[in-house]
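Have a look at the structure below before the remarks.
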Amino acid sequence: MSDSEVLVGIDIGTTSVKALAEDGSGVSIARAVRTIDTVSEQEQQAEQDPYDIYRAVQAVVKEVGEVVKASGRTITHIGMSAAMHSLMVIDDAGNPLTPLYTWMDLRAKEVSQALHTTDAGARRYRRTGTPVHAMTPAVKLQWLRTHKPALFAAGHRFVSCKEWLWWRLFGEYVVDESIASATGLMNLSTRQWDEETLTELAIPASSLSRIVSTTYTRHGMDMSGIETSGVSKATAVTIGASDGVLANLALGITESENMVLTMGTSLAVRTGSHKIVSDPIGRPFCYILDDTTYIVGGPSNSGGIVLEWVANHCGHGDQGTLDERLTALFAEAEHVLLDDLYFLPYVAGERAPLWNENAQASFIGLKASDQPAHLFRAAMEGILYNARWIAEQLMVAMDEQPSILVVSGRPFEHAWVQQLTADIFSIPVRVAQADDASTKGAIAMARMAHSATHLQAITRTLIKTAGAHMESRTIVPDDLESRRHALRFAHFQMLVKHLIPSV
């Protein structure tokens, strides 16, 4: 591609919508962000206004497009990323009958808990690659049918946020294989809607969108709200994939040799595979990237939200902003050595490795002499022990040991957390700057579609690019500390199994 051609990635996340513009050489030109409000008035509720998201998409495209236009260029291609597991009910005119239920909406947890341990739940997981959990559209649909039967019956279609936005842009209901594979409704082997699950939910395939590849591309999108922005009817739009899958792509990790640990509010451990991966014990997800590649891993609720909870409730709670409290605690916790203090980090329930929405947090071994720094250090270790547990389940399912763990997220900006991670996982660690990873992954998918380039060639380029954004050094585990943490990790698992019964 020439430098005069501009590609834009759009990431429709849970908390914000982002757009990033790059020239043909991958140099960033413009960036825009709009936040999205979430309604959580009831316990376990997490709803959003789809029109707010649509307006945010228009705003970010217009903002970066005007910068591109001012430079004398036009946007030639757009790629799209979106959060997984969203669901809304719409009528035959495309009007929402419900708000958008996000993955954080867990009101269907009783349905998931009843199904999770059954043979039917296990079979559904093996067919779809999606763990049975209240986050998923399949479980939410079962909850709607039971608790809101009139609304369920009135629904003409059941769609994700990206599907509805695509309909507004192009007037057709399609869903990419990546988003579809995270619904719990798609059969991974056939790459079509799973007939057995649809029968169980009493919904026809006609109420779902047509499944298309992640490189599916259209021209002639609706220009409403972006008429002055450097976008034209000739601009190609590639439907792309889900945010987690595209984050792996942006880091160049689509094979099983390496593993990624990303931590924001939540946390995920992911790797790549060229075959469908299923394990009845750990139940890792298996989501589609392209025709031959899957991203396999485990999502955890226990990420940065745990550290924020400790900062707000257990230390320096009345001193400065949250960022200032976190900064102070990171500095103080570096010099703390824990012996008998453990923290089970489940302040928001848990997905992997427990799959228990009712899991609760606990400090164990707390002493009168413990200070906020001890509690914060215990929380950091608890998060990483939980992440290692996910990684071990993943390695069993993959029957493979990664050679490098790539980490990204704010906690990994601290050298002591980097070393702690290497020691707990007992493998070398590399630190990546993953700002806008999903957005960059959307651009990479657009490049694939634009140039008909194979994923492997794109990945090789991305590995070089990601390498430029990684710290040059590799953090090597300390043998003595790794052995100490192996004992603490085993004790952590024992405490969890004793205090948090399996679903």
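A short reminder: the numbers here are calculations on the coordinates, not readings from a lab. None of the values given here were measured: they were computed from a predicted structure. Neighbour counts run over all protein chains shown; Cβ positions are idealised from the backbone, glycine included.
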Task: For segment 1-95, the spread of Cα positions along each principal axis, largest first, Å - done: 50, 29, 21
- [ ] For the chain, find the longest principal axis of its Cα atoms and tell me its angle to the long axis of helix 455-468, 0 to 90°, nearest 10.
- [x] 50 degrees
Open item on the list: Please compute the modelled spin-label separation between residue 126 and residue 281, points set 7 Å along Cα→Cβ, answer in nm with one decimal.
Closed with: 1.7 nm
Task: Helix 161-170 axis, angle to the chain major axis (alpha carbon atoms, nearest 10°) - done: 20 degrees
Task: Cβ crowding within 10 Å averaged over residues, with 322-331, 255-264 ranked highest first - done: 255-264, 322-331
- [ ] Pick out, from 209, 378, 246, the residue whose Cα sits farthest towards the positive end of the charge dipole of the chain, with +1 on the Cβ of Lys and Arg and -1 on the Cβ of Asp and Glu.
- [x] 209
TODO: Only bridges with both residues in the chain count here: give the DSSP antiparallel percent, nearest 5.
DONE: 65 percent
- [ ] Just check segment 92-222 against the gyration tensor rule for me: Cα atoms, a ≥ b ≥ c as the square roots of the eigenvalues, rounded for a/c under 1.5, and otherwise prolate or oblate depending on whether a/b exceeds b/c.
- [x] oblate
Open item on the list: Full-extension gain between residue 148 and residue 219, please, as 0.36 nm times their residue separation minus the C-alpha to C-alpha distance.
Closed with: 21.7 nm
Open item on the list: If I model a spin label as a point 7 Å beyond the Cα along the Cα-Cβ vector, how far apart are those points for residue 39 and residue 334 in nm?
Closed with: 4.5 nm
- [ ] Go ahead and estimate [θ] at 222 nm for the chain from helices alone: -39,500 (n - 2.57) per DSSP H run with n ≥ 4, summed, over the residue count, rounded to 500.
- [x] -12000 deg cm²/dmol
Task: Per principal axis, descending, Cα span of segment 228-364 in whole Å - done: 55, 50, 29
Task: At 1.567 mPa s and 4 °C, Stokes D of segment 52-115 from Kirkwood alpha-carbon radius, µm² per second - done: 85 µm²/s
Task: Per residue Cα convex hull volume in Å³ - calculated over segment 5-245 - done: 114 Å³
Open item on the list: Could you tell me the calculated FRET efficiency between residue 117 and residue 433, based on Cβ-Cβ distance and R0 = 56 angstrom, to the nearest 0.05?
Closed with: 0.90
Open item on the list: Assuming a strict under-21 Å limit between Cα atoms, what lysine pair count do you get for the chain once near-sequence pairs (fewer than 8 apart, same chain) are dropped?
Closed with: 17
Task: Proximal charge balance of residue 125 [Cβ under 14 Å; K/R count +1, D/E count -1] - done: +1
TODO: Evaluate E = 1/(1 + (r/R0)^6) for residue 366 and residue 413, where r is the Cβ-Cβ distance and R0 equals 25 Å; express this FRET efficiency to the nearest 0.05.
DONE: 0.35
Task: Nearest 10 degrees, 0 to 90: helix 137-147 Cα axis against the chain principal axis - done: 90 degrees
Task: Within-12-Å neighbourhood charge of residue 20 [Cβ basis; K, R +1; D, E -1] - done: -3
- [ ] Using every pair of alpha-carbon atoms in the chain, split the distances into 20 Å bins beginning at 0 and state the percent of pairs per bin, rounded to integers.
- [x] 24, 57, 19, 0
Task: Average Cα contact separation per residue, segment 96-238, under 8 Å, 6 or more apart, as relative contact order % - done: 22 percent
- [ ] Run the quick spin-label model on residue 93 and residue 257: label points 7 Å from Cα toward the beta carbon, then report their separation in nm to one decimal.
- [x] 5.6 nm
- [ ] Could you compute the FRET efficiency for residue 404 and residue 27, with r as their C-beta to C-beta distance and R0 at 22 Å, rounded to 0.05?
- [x] 0.20
TODO: State, as an integer percentage, the relative contact order of the chain based on alpha-carbon contacts under 8 Å between residues 6 or more apart.
DONE: 15 percent
